[in-house]
Amino acid sequence: MKQYILLIVFISGILAGNVNAANPKIFIVSETKSNLVDAKTICIAFETKLFNDLKEAFPCVEILDRGSLYEMLRWERKRQLLGAIDDNQLQNIAGAIGSDYLIKFKADVLGDQLYLSAFCMDVKKANTIARTDAHGPIGQASENAEKVSKDLVKQLKEYEICAYEGKLTIEVESEKEETTSSSIPCDGGMIAIQTRITTKMNLNWKLNKNGLRKGDGNVTYDMNEKTETTINNPCYICPDGQKTIAQINEKKDVEAKASGLSNESVSEGQKVADCRIKIVFLEDGTYNILIEATSQKGNMKTTIDKKINAPCAARKNEEPEEPRNNEIDVPLKVVLGPYKGTAEDKVLNQDETKDLSQGKEKATAKINFSLTRQ
């Protein structure tokens, strides 16, 4: 085990200066426990086929197989060690050499049948994101290896292997004006209540997608809500217990503002913007964009001014309350799409306006983005 740990450290040191951190890296490992020449040959053939299929589908990727790893290490005697490790150790090695994905291919012989299987693991998340297999007579090994390679790459096309980068904006504007009337019975008749609410809101996310999931940018949020309430109360009770008629006028102003992205997330030991932008490609030739972001802490100020018009309160109108301030943040969690496009498109773009109106609230969302693949 100590030798294994030292090997991992050694690999990391050797490759640190040779791997371009900008491009996603795939580590391919193939193995067979069979001594048949056909099984060993098909492993080599599969790696070649998969290399070409991956490069065609994802031109940005850097591919490292175990053979090239041996050559870089110049440590031939480690073949046995690398050949004997399990999938978890393979994941560790893939991580140590800076790989984002690990692809493992196996060829097993049972009688006259050759069983082929392959999976791809997202190294950082330790999740298997694609898996496929095929079997048949040894004579059909080449066809089945090609099928496994094609199926694996097809599944990987549902993921954003090659990062798209660019600007993405979402601007939401809404207005609402509503008047309501209600009444409540009391001993002297009915208490009539009339309320008028006007609300205006503007939310503008200006984001930058600068990696597979990473994002940054800015957000501004501005909301103002005014509520005017008039109460005609024939059953008003004065402080001295006298019952009289009163009119109560109350004005409530709520003003909320926030700006800037929060930066509480941590990546590679450094604080980064709380913004994640991910593209998910679907089998029907469309894609969705998943966005999660949070603003910095903002402030919501509430002011209430209440006036009572009654004989016993003529000179005792209530003074305006001290404004109340509360911290707020503005979260964004949205799925945009589906839009037409695949992982093989060089550019993904959209410019649209959506009507989000509901009832008496008039709202629109403007969505604009242009994302270019590496």
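Just a few scattered comments:
- Entry remark, region 306-326: residues being closer than 30 Å to Ala258 by Cα, at pLDDT below 90 and assigned to a strand (DSSP E or B) number 1 in total.
- Any hit, region 115-128, residues being in the same structural domain as Leu64 (by TED's automatic domain parsing), of a type in the set (A, V, I, L, M, F, W, C), in contact with a strand residue (DSSP E or B) (Cβ under 7 Å, 6 or more places away or on another chain) and closer than 18 Å to Lys40 by Cβ: yes
- Sub-8 Å Cβ pairs linking a first residue in region 348-371 that is within 20 Å of Lys209 (Cα to Cα) to a second residue that is part of a loop (DSSP other than H, G, I, E, B), at least 6 apart or interchain, are Leu348/Gly341; Ala365/Leu356, ordered by first then second residue.
- Residues satisfying the stated conditions in region 222-257, i.e. modelled with pLDDT under 95, surrounded by 15 or more Cβ atoms within 10 Å (Cβ to Cβ) and of a type in the set (Gly, Ala, Ser): Ala246
- Look at (1) surrounded by fewer than 20 Cβ atoms within 10 Å (Cβ to Cβ); (2) touching a Ser or Thr at 6+ places or on another chain (Cβ under 7 Å); (3) not assigned by TED's automatic domain parsing to the domain that holds Val219 and you find that Leu152 fails only one, number (1).
- Where Met121 falls short, out of the listed (1) more than 30 Å from Arg213 (Cβ to Cβ); (2) part of a strand (DSSP E or B): (1)
- Just so you know, in region 180-221 the residues that are crowded, with 17+ Cβ neighbours inside 10 Å and of a type in the set (A, V, I, L, M, F, W, C) include one that is nearest to Arg373 (Cα to Cα), and it is Leu212.
- Residue within region 103-111 that is in the same structural domain as Ile42 (by TED's automatic domain parsing), loosely packed, with under 15 Cβ neighbours inside 10 Å and at pLDDT below 90 present: yes
- Ala94 being at pLDDT 80 or above, closer than 30 Å to Tyr287 by Cβ and either part of a strand (DSSP E or B) or in the same structural domain as Ile42 (by TED's automatic domain parsing) (or both): no
- Test: Asn288 is out of contact with any Pro (no Cβ under 6 Å at 6 or more places or on another chain) and in a strand (DSSP E or B): no
The values are calculated or read from the model by the stated rules, or taken from the named source; none is laboratory data. Quick caveat, the model's predicted, so the values are computed rather than measured. FYI the Cβ positions are ideal-geometry reconstructions off the backbone, even for glycines, and counts take in every protein chain you see.
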